[in-house]
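J.: Sharing a structure, written as structure tokens. Questions coming.
We did not get these values from a lab; they are worked out from the coordinates using the rules stated. Source: prediction; values computed, not measured. Here Cβ is always computed from backbone atoms with ideal geometry, including for glycine, and neighbour counts include all displayed protein chains.
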Amino acid sequence: MLIQTETTPNPATLKFLPGQKVMDGGTRDFATPEEAEASPLAEAIFSTGEVDGVFFGRDFVSVTAAPGVEWRQLKPMVLEVLLDHFVSGAPLFRPGSAAGIEIAPEAGIEDDPADAEIVAQIRELIETRVRPAVAQDGGDIVYRGFRDGTVFLALQGACSGCPSSTMTLKNGIESLLKHYVPEVETVEAV
């Protein structure tokens, strides 16, 4: 089995492509070793002790190195864990781990029912234009709410902590949404 790697705009994050499906649907972000307990694979990657985050996409795994960790040291360890997992056919999640739960919007960022049509347009643009492009860079962007002209988005995977994420958010996503949905005034990360 050959696992390819790709760099991402975030120098701390590397994208691993095992050449097969990782997630049946959706994505999953693990920001701590405790969160990774739901997945034997994520837990094994965190067990290297040199990882700050693991992200599962449809056909990739993004891994974020801890501060000060060099990829030339970490990459072989992550590749070994990934090879062991995919060759053995081990499950991605532990039974009863709630792997497929959709995370609700952040508390306090509730959509106004009067904005339902605007929210539908925003969600459609995020799903069809933004998320596929961001997934190519090893991350994800998740809609969290719309209020008073502001769209709230959560950055995951390689996007979280990426030096260019502010530029992507403001120059890319905000411009796109403002162009197609005039009611959008700004985009903020939560």
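J.: Based on Cβ point charges of +1 for Lys and Arg and -1 for Asp and Glu, what charge dipole magnitude is obtained for the range 4-88 about its Cα centre, in debye rounded to the nearest 20?
T.: 340 debye
J.: A follow-up question, please. What is the local net charge at residue 184, summed over the other residues whose Cβ is closer than 10 Å to its Cβ (Lys, Arg +1; Asp, Glu -1)?
T.: Net charge around residue 184: -2.
J.: Please find the FRET efficiency linking residue 69 to residue 21, where r is the Cβ-Cβ separation and R0 is fixed at 35 Å, and quote it to the nearest 0.05.
T.: So, using R0 = 35 Å, E works out to roughly 0.80.
J.: Using all Cα-Cα distances in the range 7-88, what percent lands in each 10 angstrom bin from 0 up to the longest?
T.: The distribution over the range 7-88 is 19, 59, 22, 1, given as percents.
J.: Still on this structure: Calculated from DSSP H runs of 4 or more alone, at -39500 (n - 2.57) each and per residue, what is the 222 nm mean residue ellipticity of the chain, nearest 500?
T.: Mean residue ellipticity at 222 nm (helix-derived): -7500 deg cm²/dmol.
J.: Within 15 Å, Cβ to Cβ, of residue 85, how many net charges do the neighbouring residues add up to if Lys/Arg are +1 and Asp/Glu are -1?
T.: -1
J.: Which FRET efficiency value, to the nearest 0.05, do you get for residue 183 and residue 58 by plugging their Cβ-Cβ distance into 1/(1 + (r/R0)^6) with R0 = 25 Å?
T.: With a Förster radius of 25 Å, E is 0.20.
J.: Which residue, chosen from 159, 189, 169, occupies the Cα position most advanced towards the positive end of the dipole of the range 113-189, where the dipole is computed from +1 (Lys, Arg) and -1 (Asp, Glu) charges on Cβ about the Cα centre?
T.: 159
J.: Rounded, prolate or oblate: which fits the range 113-189, taking a ≥ b ≥ c as square roots of the Cα gyration tensor eigenvalues, rounded meaning a/c under 1.5, else prolate when a/b beats b/c?
T.: Judged from the Cα gyration tensor, the range 113-189 comes out prolate (a/c at least 1.5, a/b above b/c).
J.: In a shell of Cβ-Cβ distance under 15 Å around residue 166, excluding residue 166 itself, what net charge do Lys and Arg (+1) and Asp and Glu (-1) give?
T.: Cβ neighbours under 15 Å give a net charge of -2.
J.: I'd like the GluC sites (Glu not before Pro) in the range 117-184 restricted to DSSP loop residues with at most 16 other Cβ atoms within 10 Å, sorted by number.
T.: Within the range 117-184, the qualifying GluC sites (Glu not before Pro) (loop, at most 16 other Cβ atoms within 10 Å) are 183.
J.: State the extension gain, in nm to one decimal, for the chain segment bounded by residue 6 and residue 123, taking 0.36 nm per residue of separation less the distance between their alpha-carbons.
T.: 39.3 nm
J.: Treating the beta-carbon of each Lys and Arg as +1 and of each Asp and Glu as -1, no other charges, what is the dipole magnitude of the chain about its Cα centre, to the nearest 20 debye?
T.: Value, rounded to 20: 660 debye.
J.: Roughly how many Å is it from the Cα centre of the range 3-76 to that of the range 145-190, as a whole number?
T.: Taking the Cα centre of the range 145-190 as reference, the centre of the range 3-76 is 24 Å away.
J.: Hey, could you grab the Kirkwood Rh for the chain? Inverse mean 1/r over distinct alpha carbon pairs, Å, one decimal.
T.: 17.4 Å
J.: May I pose another question? Tell me the label-point distance for the pair residue 136, residue 37, using the 7 Å Cα-to-Cβ offset, in nm and rounded to one decimal.
T.: A separation of 3.9 nm, rounded to one decimal place.
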